[in-house]
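Comments concern the structure below.
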Amino acid sequence: MSLKSVNSDIEALQRHLQNLVRAVDSELTQRYVVRWPRRPPGLYWQLRWMVAIVLRSLEYMGIWRPDPWPVVLKQAHCDVKAQPVLIWAVGTNFDELRQVCDRLSARPLPTFTPVLVTDVADFTFFSRLGWLIEYLPRLAGEGEPYEKRKERFLARLYRGTPALPADAILEAGWGPDDIQQWLQTRGQKPVV
Amino acid sequence: MAEVEKRDLPCVVLFNINGSGMGHLSTCLAYANRLQGRARPVLFSLASAIEMIHEMGFEADYFVSRFWSRATAWAWDRQLALRLGMLFERVRPEVVVFDGTWPYRGFLEAARAYGVPRLVWSNLTLYKMGMRKVPVRESGFDLIIQLGELGTSFSTQREVMPGRKVTIPPVTLLRDEAILDRGNARDSLGLDRDGRYALFSLGPGNLKDISGIGRGLIDEMKKHGYTVVWTRAPISASDPGLPDGVVSIAAYPLVRVMRAFDVFVGAAGYNTCCEVLQSGVPALFVPNTMVSDDQTGRAEMVAKAAPAVVSPCETLAQRTDAINRLLALQVRERATPLAFDLGGAERAADEILRLITSARCE
């Protein structure tokens, strides 16, 4: 696959994700708000509760700024501040996805960490990668198909994160160095 | 299950946390197994073993465990609430079951916001001394299911709802008829029918490094002429390097093939102990002391009633002694099923179905 072709696949994915981001699921975010818990019984739990209030206040005042959704797992081999890269593998063949993951995890770079978005259930294999996995299963039920709604949700959660289509990077034979290089080049260009 | 059938049956969402092993997932799968045909179980799992759920015929979604994520508890709970909300709105559960020690804030808030008709908390009873009581009100649940240990029979602690509380006998993932006999289990694993095999399942090693103990025990077993079969836990973050001659397998649920083995060596998690009781295979328990449940207490309880020995196996002397005692048991007591009530999953499923009926009658 030529570089031009990879880039066009990447741009197509980026456009797809941007379209998803525009369709905000405000009903969901407004309905499922987590309220602050009431003071628990017992001194130990009350102390913990008070520490949490202090931390939340510091966060509210902007003094403490924890990453709202850190993607580097505790058991990951990369740097805690590694840049996330979405590996978009929806509809990807099982064996091909393994090939992509094998290639990217063979020599992990500390500077970036993949977040795998997939509808493939190969979790025994995924567990050993040390990556954050976002699963898109199909569930029977009412309303908008679950996998579509969750896809929109994820697109919004990871908006602005560089995304690569798994099929294209497999076909192009990209490894960690190619992704690193792409990230650097991308940083110099306006986002598609 | 056919699409139409799925929609006709009442939906039960089973939420399992990710503990030190696969225990919470196994408990939810045990409930799902017994609900099958009478309800539509859908799992929301924090344990990274989704294909195991699908292979057993159930739908499931996954969310990264709080123990794996670096997010603050507050941020993680907010994500959890949103994702659970999405799932609830799709599958429309009539009952939601939380299996774990501490129902998460995000779980409770999602259940409240959606308006889950009936909420259940399923939890162990045997914890280590001095463990703090979790600050979650039982009255916030319609039903509390306490998983009983060996010798427990069904009992009701509190009759009134909300907060009805029952204790059930030990829970097994599979029914007895689903467990393969020695010959068939060996065939399914490709093991020699006349060989001598020891099954090792020391846990995923995500909380405790088991490689040192494991290697020492492997050496001891090999001295006695056994082939060691090492179980790779689906949720392990990494696999330990294994010495030459050790056969590695990935079998879940393990109990299905457990009778293939002459002896078992493993941690003393709730489900492992139930599997040992159900299979009747002589066992050496190496309790994991880094978890909140009292594995040592449980293992000792099982060892009084079944062919099992308990040892920390930290030193060479302890390992040698434990293996010698295990092999002596193995000579005396061939795998024979034990007469204990292990019908906890059936009782839990009945209780869950009763809740559905009561909710529909209101």
Identify all residues within the stretch B:52-70 that are within 8 Å of chain A (Cβ to nearest Cβ), among the charged types (D, E, K, R), farther than 23 Å from A:E59 by Cα and out of contact with any Phe, Trp or Tyr (no Cβ under 6 Å at 6 or more places or on another chain); write none if there are none. B:E59
Taking the options B:A113, B:A49, B:A73, name whichever one is of a type in the set (A, V, I, L, M), at the interface with another protein chain (Cβ under 8 Å from one of its Cβ atoms), within 26 Å of B:T289 (Cβ to Cβ) and surrounded by fewer than 24 Cβ atoms within 10 Å (Cβ to Cβ). B:A73
For the stretch A:16-38, what are the residues that are surrounded by fewer than 15 Cβ atoms within 10 Å (Cβ to Cβ), under 12 Å from B:R105 (Cα atoms) and either at the interface with chain B (Cβ under 8 Å from one of its Cβ atoms) or touching a Lys or Arg at 6+ places or on another chain (Cβ under 6 Å) (or both)? A:V33, A:R35
Considering only the stretch A:60-105, state which residues are of a type outside the set (A, V, I, L, M) and part of a strand (DSSP E or B). A:Q83, A:P84, A:W88
Return the pair list, or none, for Cβ contacts closer than 7 Å from residues in the stretch A:125-139 that are more than 7 Å from every other protein chain (Cβ to nearest Cβ) and over 16 Å from A:C78 (Cβ atoms) to residues that are among the charged types (D, E, K, R) and in a loop (DSSP other than H, G, I, E, B), at least 6 apart or on different chains. A:L136/A:D119
Among the residues that make up the stretch A:22-33, is at least one of them in contact with a Pro (Cβ under 9 Å, 6 or more places away or on another chain) and either within 24 Å of A:P176 (Cβ to Cβ) or free of Cβ contacts under 8 Å to residues at least 24 places away in the same chain (or both)? no
Sole miss for B:M258 among (1) assigned to a loop (DSSP other than H, G, I, E, B); (2) of a type in the set (A, V, I, L, M); (3) away from chain A (no Cβ under 14 Å); (4) touching a Ser or Thr at 6+ places or on another chain (Cβ under 7 Å) is condition (1)
I'd like to verify a number: residues in the stretch B:175-190 that are in a loop (DSSP other than H, G, I, E, B) and either crowded, with 20+ Cβ neighbours inside 10 Å or free of Cβ contacts under 8 Å to residues at least 24 places away in the same chain (or both), how many? 2
Matching residues, the stretch A:168-186, being closer than 11 Å to A:Q99 by Cβ, surrounded by 13 or more Cβ atoms within 10 Å (Cβ to Cβ) and out of contact with any helix residue (DSSP H, G or I) (no Cβ under 7 Å at 6 or more places or on another chain): A:E171
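Only the coordinates and a few stated rules stand behind these numbers; no lab work does. Keep in mind that what you see is a predicted model, and the values were worked out from it rather than measured. Every residue, glycine among them, receives a Cβ derived from its backbone with ideal geometry; neighbour counts consider all protein chains shown.
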